[in-house]
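The values are calculated or read from the model by the stated rules, or taken from the named source; none is laboratory data. The structure displayed is predicted, hence computed values, not measured ones. We place every Cβ from the backbone using ideal geometry, glycine too, and count neighbours over all the protein chains shown.
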Amino acid sequence: MSDQPAGRRTAGLGSFDERRARLAEMFEATREIALALEREVTGVPGTRHSARLAEAVRTLRRESFRIMVFGDFSSGKSTLVNALLGQELLPMKENPTTAFTTVLRHADQPRAELYEDQVGSGGEPRQVSVGEFLRAVELELDDDDLPGESPYLWGVVYGPYPLLRGSVELIDSAGTNESRRREKVTLAFLPQVDAVIFVTPARGAFKDRDQDHYLRMLQDLGHQEIFFVVNQFDLIREREREDVRRRCRRIAGQYTRRLDRRVFFVSALDALEARLQDPVPPAAEWDSGIRPLEEALSEFLMHDKARIKLLRPAELLVREIVQLHRSIGGRRGMLTRSADELQESLDAGRDKRENILKGLELIRRVLDTWVEETGQLLATEVERFIRELTPRVGEWADDLPKLDVRLLRRDRMARYGDAIQQIDDALNRRLQLELHVFAEGEEGLPAFMHSREAALEQSILPHLHDFADRLEELRGELTGTRDLVDESTVRQLLHDMSVHVPFRVLSRTSPAASWTNAAGVLAVGGAGTAAGAGLISLGLVSWVAAPVVLSAGAVYLVGRRIVKSRLVEQAVTEYASVLTGSAPEIARQYAAECTEGLARWAAGLEQELAGWYGRLVADTEETIRKLRDGRDEAERDRRALDGWAGHLNAIEGDLTDFKQHVLDEMR
Ligand SMILES: Nc1nc2c(ncn2[C@@H]2O[C@H](COP(=O)(O)OP(=O)(O)OP(=O)(O)O)[C@@H](O)[C@H]2O)c(=O)[nH]1
Ligand SMILES: [Mg+2]
């Protein structure tokens, strides 16, 4: 160390702890500037930038190294964690399962903690046994067959896990794209982790643009070493595997430079099953693909852990500094001009401003038209699907389970009622399955919504470009600095859409989750009581349930004098005919609910764009006022901005050296 050249303060790096303290200092200094700037610009310190920086420092200072398993719901995250631990610890199920973020830590004695508050908020945990924890973390269907909400936001399980020796923590998260609430909790945890294992299901891996959205989010948080696990690889047919591998590597290649050590094709379930056997069958374990992943992970933990602990936040800091420079540059640009000049630019820019507003209006119209069209097409699509189903209802009868005669002991009327209820339940389960395939299958709603998304992109992207270009032009004239508008900035605006597109809500519902209950719900409280998550909140279940209940009633009356085989036949016919009859209404209701969700998303987007423009004009007007009030205040502001810019430059210089050193020394 002593032979390091003197000069910048990072030159002699010292021990890991010294380096970490040095980086934390850089963070603190940057946060001071962010706070001051926020006070100056918005009048409220402590918003976005400074909060992110504070969070990053907390993560940096934490002694443990956190690796989070992150990805879509039901992609097999919990199964993978179990496979890595070599035991069946966390709950794994076909339906959305993990209720909240679970941190796994090594300790000799098993125990667990449950937290009701966000990490870092100081709330005391509830101390529980591991068994109690595991019951709490498993999403349960409540009395109405809806996934219950957990009171807990996160928890810790301690146990003798050799993998996690040396202060490594493995984190299982609630899946994305399932419930907004659970997703929010998962995303809030992300800035607090040092590394990420991104799990995607092999069937339709990286399929949605929101995968891209989450991956960008990870990049923005400074994650440059993501482990990609393409899971459930056993479900891919042998002859298709190479294609899937190639495609996944191509996509992952956009986010990592070390494809060989960062992308893995795994069957977590096979790995777990192999490891639960005694002795472990080596061939099965090897075929599951888990070993190369583990080797890469352990190499990473051995050689790169300390480097990443420092480099990840350093990367994030670089990005934050760039943003801060940008804000300072814009503000300073305005202050260096005279009030008259600025006013003149604002006035001269009147045409531009009008064009910007016109552009906004145009975007609004495109969005509104798209939302309306999508609603109409969706109604047609759902109606068509249901109509096409009905001729097949007759075939479903072939698979009906035997009636449970033990339940048929009461008087004749009640007996028929019970029998029909059983037939209805079975038909309902089948219908639910068909709806599920429609909602999830490549040919069904996802394909429909993809085509709608593509249509929207095609019609709206040019307008978004125009709008952003014009706005930046105006900003350039007012401040002397402008952001370059590139394709990804504009596309980023549309990314959020996928979260709001209701087919995902629909596709979340699993066949077993809600069906049997629906008729009961309707009978007891009307369609309104079916409010809740997923399909049910969209009304599809209760509307599809309507014919079922009617059918039970109709057959119940005629059924007094018919024999059992006729009863089934009659029930099925009734079921099919009422289902067809209700198709338009079911489709209309469902589409109306989807349209509402999309309209909310569109309104949010419009509001955001209007906000960009509004803030630029308001900032300019505020600066003009300051400049008019006398040069003193403006001059003071300018000096302050210069001071901050100077500080940031110095920090940036230190940071560059720091990063280089860490890279060199730890290689
Ligand atoms: N065939 C196959 N099935 C798998 C594999 N991994 C997981 N599964 C199954 O996929 C389903 C979901 O697994 P989980 O581990 O609960 O998925 P998760 O990502 O934790 O789901 P959430 O907690 O809901 O986000 C379960 O039925 C697993 O048995 C795999 O590699 N192959
Ligand atoms: Mg899980």
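Couple of notes before you dig in:
- Residue within the stretch 635-644 that is under 38 Å from the mean Cα position of the chain (by Cα), under 18 Å from R326 (Cβ atoms) and in contact (Cβ under 8 Å) with a residue 24 or more places away in the chain present: yes
- Number of residues in the stretch 247-274 that are assigned to a helix (DSSP H, G or I), at pLDDT below 95 and touching an Asp or Glu at 6+ places or on another chain (Cβ under 8 Å) equals 2.
Matching residues to (1) within 17 Å of V193 (Cβ to Cβ); (2) buried (at least 23 other Cβ atoms within 10 Å of the Cβ); (3) in the same structural domain as V280 (by TED's automatic domain parsing); (4) within 21 Å of the chain's Cα centre (by Cα):
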| position | (1), (2), (3), (4) |
| --- | --- |
| R52 | yes, no, no, yes |
| M68 | yes, yes, yes, yes |
| K77 | yes, yes, yes, yes |
| V81 | yes, yes, yes, yes |
| L85 | no, no, yes, no |
| N95 | no, no, yes, yes |
| D108 | no, no, yes, no |
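- Single unsatisfied condition, A56 versus (1) touching a Leu at 6+ places or on another chain (Cβ under 6 Å); (2) of a type in the set (A, V, I, L, M, F, W, C); (3) within 16 Å of ligand 2 (Cβ to nearest atom): (3)
- When the stretch 156-187 is limited to residues that are small (G, A, S) and away from ligand 1 (no atom under 16 Å from the Cβ), the one that is farthest from L259 (Cα to Cα) turns out to be G159.
- Sole residue being out of contact with any Pro (no Cβ under 6 Å at 6 or more places or on another chain) and surrounded by 15 or more Cβ atoms within 10 Å (Cβ to Cβ), chosen from A618, A583, A650, A603: A583
- Looking only at the stretch 49-63, and only at residues there that are part of a helix (DSSP H, G or I) and of a type in the set (K, R), the one that is farthest from ligand 1 (Cβ to nearest atom): R61
- Hits in the stretch 48-102 - residues which are in contact with a Phe, Trp or Tyr (Cβ under 6 Å, 6 or more places away or on another chain), of a type outside the set (A, V, I, L, M, F, W, C) and within 30 Å of R319 (Cα to Cα): G71, T101
- Count of the stretch 68-99 residues, restricted to those that are near ligand 1 (Cβ under 7 Å from one of its atoms) and β-branched (V, I, T), is 3.
- Sole exception among (1) modelled with pLDDT of 80 or more; (2) more than 32 Å from the chain's Cα centre (by Cα) for L609, by number: (2)
- Residues in the stretch 64-111 that are of a type outside the set (S, T, Y), assigned to a strand (DSSP E or B) and within 16 Å of ligand 2 (Cβ to nearest atom): I67, M68, V69, F70, G71, D72, V103, L104.
- Checking each residue in the stretch 211-246 for being assigned to a helix (DSSP H, G or I) and touching a Phe, Trp or Tyr at 6+ places or on another chain (Cβ under 8 Å) picks out D212, Y214, L215, L218, Q219, F233, R241, V244, R245.
- Number of the exception - E138 against (1) acidic (D, E); (2) farther than 30 Å from S298 by Cα; (3) surrounded by 15 or more Cβ atoms within 10 Å (Cβ to Cβ); (4) within 16 Å of ligand 2 (Cβ to nearest atom): (2)
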